[in-house]
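The values are calculated or read from the model by the stated rules, or taken from the named source; none is laboratory data. This is a predicted model, so every value here is computed, not measured. FYI the Cβ positions are ideal-geometry reconstructions off the backbone, even for glycines, and counts take in every protein chain you see.
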Amino acid sequence: MASRVFGASIKRKEDPRLITGEAKYLDDLQLPGMAHAAILRSPHAHARIKSIDTSAAAAVPGVLGVFTGKDFMDVNPLPCAWQAGGVENHVNTPRVLEPEKVTFTGAGVAVVVAESRYIAEDALQLIKVNYEVLPAVVDAQKATQSGAPQIHDNAPNNVCMEWSCGDKAGTDKALGEAEVVIKERVVNQRLIPTPMETRGCIAQYLPATDEYTVWMTSQAPHVMRLLMTAFVFGIPETKMRVISPQVGGGFGAKIFLYPEYCLVTALSKKIGRPVKWAETRSENYVATTHGRDHITELEVGAKRDGTITALRVNTYANLGGILSTIAPGIPTTLYGRLLSGAYKIPNIYCHVWGVYTNTGMVDAYRGAGRPEATFVVERAVDMVANQLSMDPAEIRRKNFIPSSAFPYDPKILNGLKYDSGDYDKALGKALEMVGYQDFRKAQADARQQGRYLGIGFSSYIEMCGVAPSAWIGLPGEGWGAGLWESANVRVHLTGKVVVTSGSQSHGQGHETTTAQIVAEELGVPVEDVIVQHSDTLGTPFGYGTYGSRSASVGQVAVFNSLQKIKEKAKKLGAHLLEAAVEDVVFENGKVHVKGSPDKAKTIQELAGAAALGYSLPAGMEPFLDDTAYYDPPNCTFPFGTHICIVEVDAGTGQIDIKRYVAVDDVGKVINPMIVDGQVHGGIAQGVAQALWEGAVYDENGQLLTGSLMDYALPRADLLPSFEVGRTETPSPTNPLGVKGAGETGTIAATPAVVNAVLDALKPLGVLHIDMPMTPARVWQAIQKG
Amino acid sequence: MYPAKFDYYRANSVEEAVKLLAENSDAKLLAGGHSLIPAMKLRLTQPALLIDIGKIDSLKNIKANGSLEIGALATHARVAASADVKKWFPALANAASLIGDQQVRNFGTIGGNIAHADPASDPPTVLIAAGATIHVRGASGTRAIAAEDFFVDLFTTALEPGEVVTKIEIPNLSGRKSAYAKMSHPASRYAIVGVCAVLSMEGDTCKEARLVVGGAVAHATRLSEAEAVLKGKKLDAAALKAAADAAIAQVGDDAMGDITAPADYRRAMVGQYLQRAIQSALG
């Protein structure tokens, strides 16, 4: 082919409909006869529901029905689909409305269905709930201590599960023998994912066929159907169709099955009309999952020469008042097993307490466990460097897993190995881009003038495309299903290609990158490929889009389907060219006789011939159509080094990010522009955790950061122009060589910024500041310094 | 985000708005709506009637003629961009440019802003520093209120029920140096601390300083102790430090705190931003 499509920065196919406003999001959809639901949410973080009086609300003109939890006792509680592997989990999950007790502010207790959302909201104000308010606890560590309020009967001391990984005895011994040991308590604060589009659901029930159609803002429509039918409603999976229309961002928060989706589905049958619920931003902040929220005691041991010998981690992971769909899996498998980072650390032990508190549900948020692990590791490495007065780049180099050591078994990964890496190369490139030696000179000069410049490093690894099913699933890490993906490719009579896949795109540009893979393999124009997804009708089953898995799992399924298509095309081409199959090749969109490129059939000709079926080889079925199911043999392990330069205003504590250099290695890159976009957005969110974002509950479990007036999202004017570079170490795990790029920025950025701020403040004796590093906290640390 | 039911009336003149306000006790004026409508969407306020004054063109003018007159319905974007404001009182243009974001500035009005009297809002601080006068009209006629007397407490002004802000008048400040220095809240962009300095200088010596703080306290307030410290002084580093200390002492326990900026921090920042405002005014 003249120019490769795979690897080209072509413009996104999905953008015209998005930027012109033609794309329909959930709340844009209107069905004939549609009614509207509004949900009454608990104002208390921990309370028993003694009684609910709905009579005044029911009497409001235009109200079609008012219901409480007692009206849905025939609907099962939602499932917890990922329990911490190998240990007992004391599971408590939400019901569609809580009938007896609420365990966080914002839990749904009643619903009004009305002719309009306005009427429903008016009626909602008239519902009287008699609560017995109970004492609340919001801090995960305090919740485990004696005397703390008990939230669930089956979870003594509010512990949902205790999980550990690594070598306890070896780590204890190594720490005992270490020449240097540093202890620190680090808090990875709670974050609110805040996708541009909030959640929502529309359900329609058709009595004649006893079937539901459910539109919802989901990153995983097939899984939603599975969980709702098989677990919540106990109906055949075939009785429900789930559609995720255009989804306006998710960041993980739209992976999960939520009570509202099941509630609206149940209401559509009760009311006998389609019912819509669209979440407000206020609801989104209390009732959609949050992320992170770890309190961690870490101990790192090293030799005086900077060789890290041991890492011991004790983490209290806040899971909220009740479990979201995969909550226990995040702070265990996706956190503890990543604590070796990019380094040879011979002894690691991690203990995790999964804890209930009277706060909103906590589950996967962009990076999901890996940012928390990276923060621990990258802070620990910097602490050792600081203690030993070593250069932070040098200590990283000293402890890196060398490129010759791959595949590398970090031992805490329960049998999996890092697939490929060249950590030193990425660090070297980042140092070169930033001009490290020049910066250190500038920093010294600035300090003479009383200015505080700092540089921070984060040499991360992460894990994408989590698999294989046999590793992640119930026998291993506790995930209650598989994690393969599927794709169907059809080359229609006209030569146009339709791909259906189980992945779900909500901003990642799958329609473009999948088309690039198809165009590359079949030699058709990108414009001739359409990618259909996000509707359980007409797409093969898939587990959905999260964990940066759509390229390394979903698109490999597309690639494998294409190989089957090409094989069949070759057989057909050989037949039509009256040649032996061994004598033809598929190249540049044509099947031709080896050595005779002119004696060829184009893919379009072959598609037409296959579809018409006038002349097929004996036994060949018509049409070029094939499906592949792909269960990867391993995860993929992207890596890189991010470097941040800041200046701290010692008078006010304000932090100015002067430069941000990111060198990522995500394996082979399908579309560099899309990867750059993912990296940019990820860095913004990672920086925001370091400096601005943080969900805060008061002691009574009231969310103090309940709106965008209080919760500080990253803004373009607060960020520098990112300097993005890449190295390319193909993944040997899959035939595309891809790793995953959706979360690297979020994973890497947070410790890079924190390390930079602490580097700046070193002359002032400041060793630690909790995130977010607000001007007030920085200023207070300087005062104490 | 779904307001309760309300009636809507568009007033075509100030007289009509005043009359409607007098006739409806549970009515609110709608200008830019950027404080009122969010509060209604959260059902924090549920007025029975909105009187939209947004189309009264006579309240939108900005003109400089002896004094600078800014109509109550001038948007923040227009105040920020106005050549007259930039020339007459650049600190106000700067403060207006720092409000919210572009969409807020395109809709929000200076009159609505001061009538709402958010303690962390920027215009009150600079208007007091300028010695501005707020002109209002009610059922019993018009009156003029000194900006310094207009802001009474959190979300509380000297406006009587039924009164409408019509214009803001800023005296001739020629020869004065002025600047506004602000630390923005990272989410809301409201002032954590905002200080405005208006200085009359004779060479290096300060004849008179008007120094006002907002954001850190319940309502924009003159820092009279710091003003006294600077009067007749050369504005060197020592004088600025002394003024900052006086301002911090005056704010004292009145400093407000929240999860982003605790009271001790805000109090200290009053001193920092006082110095920054003066340095910026002196250029």
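Key figures
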| quantity | calculated |
| --- | --- |
| Any strands (runs of 3 or more DSSP E) falling wholly within the stretch A:179-266 and containing at least 2 residues that are over 19 Å from residue A:36 (Cα atoms) and among the basic types (Lys, Arg) | A:180-191 |
| Qualifying residue in the stretch A:279-301 (condition: within 14 Å of chain B (Cβ to nearest Cβ), in contact with a Gly (Cβ under 6 Å, 6 or more places away or on another chain) and part of a loop (DSSP other than H, G, I, E, B)) | yes |
| All helices (runs of 4 or more DSSP H) inside the stretch B:60-118 with 3 or more residues being closer than 19 Å to residue B:171 by Cβ and within 17 Å of the chain's Cα centre (by Cα) | B:83-88, B:90-97, B:110-116 |
| Selection from the stretch A:704-724 of residues that are at the interface with chain B (Cβ under 7 Å from one of its Cβ atoms) and free of Cβ contacts under 8 Å to residues at least 40 places away in the same chain | A:704, A:709, A:710 |
| Extreme residue, farthest from residue A:623 (Cα to Cα), among residues of the stretch A:453-498 that are surrounded by fewer than 24 Cβ atoms within 10 Å (Cβ to Cβ) and touching a Pro at 6+ places or on another chain (Cβ under 7 Å) | A:468 |
| Test for residue B:267: is it under 17 Å from residue A:779 (Cα atoms), outside the structural domain of residue B:122 (by TED's automatic domain parsing), modelled with pLDDT of 95 or more and charged (D, E, K, R) | yes |
| Enumeration of residues in the stretch B:1-36 that are within 27 Å of the chain's Cα centre (by Cα) and within 14 Å of another protein chain (Cβ to nearest Cβ) | B:34, B:35 |
| Scope the stretch B:245-262; condition aliphatic (A, V, I, L, M), crowded, with 17+ Cβ neighbours inside 10 Å and more than 8 Å from chain A (Cβ to nearest Cβ); matching residues | B:246, B:247, B:248, B:251, B:255, B:256 |
| The stretch A:767-781 - residue that is more than 12 Å from chain B (Cβ to nearest Cβ) and surrounded by fewer than 19 Cβ atoms within 10 Å (Cβ to Cβ) and, of those, nearest to the chain's Cα centre (by Cα) | A:770 |
| Residue in the stretch A:164-180 that is over 25 Å from residue A:84 (Cβ atoms) and among the β-branched types (Val, Ile, Thr) present | yes |
| Selection within the stretch B:20-58 - without any contact (Cβ under 8 Å) to a residue 60 or more places away in the chain and assigned to a helix (DSSP H, G or I) | B:20, B:23, B:37, B:38, B:39, B:40, B:41, B:57, B:58 |
| Neighbours by Cβ (under 7 Å, 6+ apart or cross-chain): first from the stretch B:73-85, farther than 17 Å from residue B:104 by Cβ; second crowded, with 20+ Cβ neighbours inside 10 Å and of a type in the set (Val, Ile, Thr) | B:82/B:62; B:84/B:62; B:85/B:62; B:85/B:79 |
| Selection count, the stretch A:680-703, where residues are within 11 Å of chain B (Cβ to nearest Cβ) and in a loop (DSSP other than H, G, I, E, B) | 6 |
| Out of A:337, A:312, A:292, sole residue that is farther than 21 Å from residue A:90 by Cβ and touching a Cys at 6+ places or on another chain (Cβ under 7 Å) | A:337 |
| Pairs where the first residue, in the stretch B:259-282, is under 13 Å from residue B:180 (Cα atoms) and the second is among the charged types (D, E, K, R), C-beta under 7 Å, 6+ apart | B:281/B:177; B:282/B:177 |
| Residue among B:89, B:155, B:150 that is touching a His at 6+ places or on another chain (Cβ under 8 Å) and of a type in the set (Phe, Trp, Tyr) | B:155 |
| Residues being over 30 Å from residue A:493 (Cβ atoms) and either touching a strand residue (DSSP E or B) at 6+ places or on another chain (Cβ under 7 Å) or within 14 Å of chain B (Cβ to nearest Cβ) (or both) - total across the stretch A:616-657 | 23 |
| Some residue of the stretch A:136-150 being modelled with pLDDT of 95 or more, within 14 Å of chain B (Cβ to nearest Cβ) and buried (at least 22 other Cβ atoms within 10 Å of the Cβ) | yes |
| Any chance residue A:382 is outside the structural domain of residue A:741 (by TED's automatic domain parsing) and at pLDDT 95 or above | no |
| Residue check for residue B:152: under 15 Å from residue B:221 (Cα atoms), touching a Cys at 6+ places or on another chain (Cβ under 7 Å) and in contact (Cβ under 8 Å) with a residue 60 or more places away in the chain | no |
| Failed item, numbered, when residue A:644 is tested on (1) buried (at least 22 other Cβ atoms within 10 Å of the Cβ); (2) under 19 Å from residue A:453 (Cα atoms); (3) touching an Asp or Glu at 6+ places or on another chain (Cβ under 8 Å) | (3) |
| Selection from the stretch A:106-162 of residues that are acidic (Asp, Glu) and over 21 Å from residue A:363 (Cβ atoms) | A:115, A:121, A:122, A:132, A:153 |
| Residue count for the stretch B:167-184, restricted to those that are within 14 Å of another protein chain (Cβ to nearest Cβ) and surrounded by fewer than 18 Cβ atoms within 10 Å (Cβ to Cβ) | 0 |
| Residue match in the stretch A:744-763 (condition: within 14 Å of another protein chain (Cβ to nearest Cβ) and surrounded by fewer than 24 Cβ atoms within 10 Å (Cβ to Cβ)) | no |
| From the options A:665, A:676, residue that is away from every other protein chain (no Cβ under 14 Å), of a type outside the set (Val, Ile, Thr), under 30 Å from residue A:8 (Cβ atoms) and surrounded by 24 or more Cβ atoms within 10 Å (Cβ to Cβ) | A:665 |
| Sole residue being within 24 Å of residue A:696 (Cβ to Cβ) and surrounded by fewer than 19 Cβ atoms within 10 Å (Cβ to Cβ), chosen from A:179, A:184 | A:184 |
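Yes or no, residue by residue, for (1) at pLDDT below 95; (2) of a type in the set (Val, Ile, Thr); (3) surrounded by 21 or more Cβ atoms within 10 Å (Cβ to Cβ); (4) more than 13 Å from residue A:489 (Cα to Cα):
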| site | (1), (2), (3), (4) |
| --- | --- |
| A:555 | no, no, yes, no |
| A:561 | no, no, yes, no |
| A:564 | no, no, no, no |
| A:571 | no, no, no, yes |
| A:581 | no, yes, no, yes |
| A:588 | yes, no, no, yes |
| A:593 | no, yes, no, yes |
| A:598 | yes, no, no, yes |
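Per-residue answers, yes or no, for (1) in contact with a His (Cβ under 8 Å, 6 or more places away or on another chain); (2) within 14 Å of chain B (Cβ to nearest Cβ); (3) assigned to a loop (DSSP other than H, G, I, E, B):
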residue	(1), (2), (3)
A:32	no, no, yes
A:43	no, yes, yes
A:49	no, no, no
A:74	no, no, yes
A:86	no, no, yes
A:93	no, no, yes
A:118	no, yes, no
